[in-house]
1. Within the stretch 253-267, identify whether any single residue is under 23 Å from the mean Cα position of the chain (by Cα), among the charged types (D, E, K, R) and open to solvent by less than 30 Å² (accessible area, probe 1.4 Å), and answer yes or no.
2. Going through the stretch 75-107 one residue at a time, which ones are among the polar types (S, T, N, Q) and out of contact with any Cys (no Cβ under 9 Å at 6 or more places or on another chain)?
3. Surrounded by 16 or more Cβ atoms within 10 Å (Cβ to Cβ), more than 23 Å from the chain's Cα centre (by Cα) and in a helix (DSSP H, G or I), is that true of E318?
4. List, please: which pairs have Cβ atoms under 7 Å, are six or more places apart or on different chains, and start with a residue in the stretch 94-117 that is closer than 18 Å to I275 by Cα and end with one that is open to solvent by 60 Å² or more (accessible area, probe 1.4 Å) and assigned to a loop (DSSP other than H, G, I, E, B)?
5. Return the only residue of I15, I41 being among the β-branched types (V, I, T), surrounded by fewer than 20 Cβ atoms within 10 Å (Cβ to Cβ), modelled with pLDDT under 95 and touching a Leu at 6+ places or on another chain (Cβ under 9 Å).
6. Failed condition for W96, given (1) among the aromatic types (F, W, Y); (2) touching a helix residue (DSSP H, G or I) at 6+ places or on another chain (Cβ under 8 Å); (3) modelled with pLDDT of 95 or more, with all others met?
7. Select, from F325, F250, F304, the only residue that is buried (at least 19 other Cβ atoms within 10 Å of the Cβ) and touching a residue at least 12 places away in the same chain (Cβ under 8 Å).
8. Determine whether S168 is without any contact (Cβ under 8 Å) to a residue 40 or more places away in the chain and open to solvent by 90 Å² or more (accessible area, probe 1.4 Å).
Amino acid sequence: MNIQRKSNFELLRIICMQLIIWGHLINKFSEQTPIIGLGYIESHFFKSFTIVAVNVFVLISGYFSISFKLSRLLKLGQETWFYSVSLFILAIYMGWHHLTLQKDILYLCPVFSKIYWFITIYIILYILSPCLNKLALSISKNHFKSILLIGFFIIYVWHTLSFILNSSRPIDDAGFGIPNFVYLYLLGRYIKLHNIHTIKQHFLLLYFIISISLFIFQLIYSIILGFSFTALFSYNTIFVFLGSVTLFLFFKKLNIGYNAFINKWAKYCLAIYIIHMHPLFWNKICEFLQIINIPPIWFIPYSFSISIVMYFTFALVEQVRLYFFDKIENKINNRIIQIPIVQKVENKIKLIA
């Protein structure tokens, strides 16, 4: 039986990927904007809304639970390798990049070299997911809540205070590492397993309040310090964490049923991320779009429109790749997972005796 997946979270995936693209365009634009000018204010204001997207993706993974399959892991690795290498070759061919063997060899092993930081950390989370799922199922609701409260203090409260005080931090990765991902995944599991009830209107309003508060706090702090203070855009701060959770909870209760269009285009989110975040390709995109030269008054509508165009353009690119390579990849993967030693490794990861 073909179960049609509801589209509320699929819509959230699309929105979050567009927020990520838009946020990256904003980052590029803000590199050239003087502090407290119009460009600075508008770019930091809207970034306060877009910064939550990565955390939301991990919450969604935790909510639905990752069901570890080596074939899926191989598919993600193949997808990442394809775009890393093909876009690197394109950059060399077009003269956008000059070959430097010592550095460019990293494009041949993008997962291990962390060319795409999110993919690398997500794959680690994917491998850890059977352990995390077992932990979530084996402890009581009260014990689970205690773990989350302790983690909230260590990962978010402590680091927010450290950023504000400009002091050393116990986990110095700005939320880009596995601790933040593991916490968000477990929180998503907790929300799903213990059926946390929400009122969607309140949480959408809270998301806006939190995002605006983040902007105001950093703007005032920047004026006081005399330089651009952006540390609270880190993924492991209270503002970004709460903004992520409130946006997620709003969509959790959003009832839009099944929408074939939304579900179809949501499938390509990871590919869109991989394509647009290729270091050599992304710089050329921004150069072509003249991002740093757009007048501030036009930048927001321009960059927002571009983020939509980029989403669907790169989704079409992924459709073409799948048309030519999906069956080949599946045949290769089927042979790999039939190898006895590979099956043993998969069973160990899945905690099967």
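The values are calculated or read from the model by the stated rules, or taken from the named source; none is laboratory data. What you see is a predicted model, and the numbers here were worked out from it, not measured in a lab. Counting neighbours? That spans all protein chains shown, and the Cβs are built from the backbone with ideal geometry, glycine included. Accessible surface is based on the protein model in full, side chains and every heavy atom, while ligands, DNA and RNA are left aside. Shrake-Rupley method; radii C 1.70, N 1.55, O 1.52, S 1.80 Å.
1. no
2. Q78, T80, S86, T100, Q102
3. Details: surrounded by 16 or more Cβ atoms within 10 Å (Cβ to Cβ): yes; more than 23 Å from the chain's Cα centre (by Cα): no; in a helix (DSSP H, G or I): yes.
For E318, the condition - surrounded by 16 or more Cβ atoms within 10 Å (Cβ to Cβ), more than 23 Å from the chain's Cα centre (by Cα) and in a helix (DSSP H, G or I) - is not met.
4. Hits for this filter: W117/F176.
5. I41
6. Among (1) among the aromatic types (F, W, Y); (2) touching a helix residue (DSSP H, G or I) at 6+ places or on another chain (Cβ under 8 Å); (3) modelled with pLDDT of 95 or more, W96 violates only (3).
7. F250
8. Yes, satisfied.
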